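**Q** Before we start, here is the structure in question, set down as structure tokens.
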Amino acid sequence: MQFQQLQYFVAVAETRHFTRAADLVHVAQPSLSQQIKALERELGADLFLRARGNITLTDAGEALLPLARRILADADTARHEVQELAQLRSGRVRLGATPSLCTGLLPDVLRAFHDRYPGIRLLIEEGGSHDLVRELARGALDLALVVLPLPTPSPALTTVELLREDLVVVSSPEAPAPGGGGSRRTVRVADLEGERLVMFRHGYDLRELTVAACRAEGFEPDFAVEGGEMDAVLGFVRAGLGVAVVPRMVAARSGSGLRVTPLARPGLERTIALAHRSDVAPPRAARELQRMLLER
């Protein structure tokens, strides 16, 4: 049974005339008749009672007609939905990102994407780079913003560097300046020895980066509070519980209630990359979001 045969069958059933049906579907009448006969042979039953000037449906034809109409309607719906998706009027993008990027980089880009493509649903998953790489590999995400280098090299992923971002130290304006620096404009990582740090939970890229930097200076960081997400860490710092090392973009968007002190050169920075599976091309909508992120 062919899709085209069902189109011809419905046309004859609705017009009750082979020639008019052929005109309706833009095919020669002999070809239409041949396809109807082929369909009848396939089904093992006559679909029409043919009499001069009087074409009527048989019982088999009456049974097939609503099913054929439903199949043709479903095909039209499928075609319409695929065309809408191709034209970015519907669909979804599954994007993974570290929590600090959800706070700093993504709001403006996602707002611009949503304004341009309001029919595309944005599904955001927050997590550390290790978790996001795993979700990408199993096909649960279309794209992910991860911190380089990846925790474990993955040849199945393609990564494109997006930006390099400085890290800064945030503290409460009501507490002494970090490192006892008074009015100093910068602070060194070594100056954080003896400071109480508000530290992110395990699995946070910023936690590993900060701890590694402190150890490179010869000391173990002292945690006042640990285990929080980005918003919680910033809240604890505002409350004066300690200082934290965060991305510059996050500090810039965090509003009032924080003192922001840059790290002296060479300072600390992190590299953000956009990742997707190498063996599967991202969907059209995901590729458009990827383009906007790279051109931001």
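**Q** From the backbone phi of segment 102-109, what are the Karplus-calculated ³J(HN,Hα) couplings (6.51 cos²θ - 1.76 cosθ + 1.60, θ = phi - 60°) in whole Hz, Gly and Pro given as x?
**A** Using θ = phi - 60°, the values come out as 4, 7, x, 8, 6, x, 5, 5 Hz.
**Q** Run lengths n ≥ 4 of DSSP H only: what is the helix-derived mean residue ellipticity at 222 nm for the chain, with -39500 (n - 2.57) per run over all residues, to the nearest 500?
**A** That comes out to -13000 deg cm²/dmol.
**Q** A further question on this structure: So for each of 242-255, 48-61, 102-115 I average, over its residues, the number of other beta carbons within 10 Å; can you give me the resulting order with the highest mean first?
**A** 242-255, 102-115, 48-61
**Q** For segment 44-53, take each phi angle, set θ = phi - 60°, evaluate the Karplus expression 6.51 cos²θ - 1.76 cosθ + 1.60, and give the result in whole Hz per residue in order, putting x for glycine and proline.
**A** x, 7, 6, 9, 10, 9, 9, 9, 3, x
**Q** Hey, another quick one. Output wanted: per-residue J couplings in Hz (rounded whole) for segment 111-123, from phi through Karplus 6.51 cos²θ - 1.76 cosθ + 1.60, θ = phi - 60°, x for Gly and Pro.
**A** 5, 5, 5, 5, 4, 7, 10, x, x, 8, 7, 9, 10
**Q** Which far-off residues, 5 or more places away or on another chain, put their amide H under 5 Å from the one on ALA244, with H placed in the peptide plane?
**A** Close amide H contacts, sequence-distant or interchain: VAL170, VAL198.
**Q** Enter the Cα centre distance for the pair segment 3-46 and segment 224-265, rounded to the nearest angstrom.
**A** 72
**Q** Over the chain, what percent of the accessible surface lies on carbon and sulfur atoms, probe 1.4 Å?
**A** With neighbouring chains kept in place, the figure for the chain is 50 percent.
**Q** Might you report the magnitude of the Cβ-based charge dipole of segment 1-152 about its Cα centre, with Lys and Arg at +1 and Asp and Glu at -1, to the nearest 20 debye?
**A** My answer is approximately 360 debye.
**Q** Right, another one. Relative to the present Cα-Cα distance, how much length would full extension add between HIS17 and ASP222 at 0.36 nm per residue of separation? List each step's numbers first, then the result.
**A** Numbers: separation 205, 0.36 × 205 = 73.80 nm, distance 8.82 nm.
Contour length minus the Cα-Cα distance gives 65.0 nm.
**Q** Shifting gears a bit: Note the listed values [x] 26, 22, 18; [y] 52, 16, 15; [z] 67, 17, 15, then indicate which one is semi-axes √(5λ) of the Cα gyration tensor in Å calculated from this particular structure.
**A** [z]
**Q** Continuing with the same structure: Specify which residue in the list GLY194, GLY179, ALA251 is farthest towards the positive end of the charge dipole of segment 174-271, using unit charges on the beta carbon of Lys, Arg (+1) and Asp, Glu (-1), about the Cα centre.
**A** Sorting the options by dipole projection puts first ALA251.
**Q** Summing +1 for each Lys or Arg and -1 for each Asp or Glu, what net charge is found among the other residues whose Cβ lies under 15 Å from the Cβ of ASP76?
**A** 0
The values are calculated or read from the model by the stated rules, or taken from the named source; none is laboratory data. For clarity, every value in this text was computed on a predicted model and none was experimentally measured. Using ideal geometry, Cβ is built from the backbone for each residue, glycine included, and neighbour counts are taken over all protein chains shown. Ligands, DNA and RNA are stripped out before the accessible areas are found, and what is left, the full protein with its side chains, is counted by its heavy atoms. Shrake-Rupley method; radii C 1.70, N 1.55, O 1.52, S 1.80 Å.
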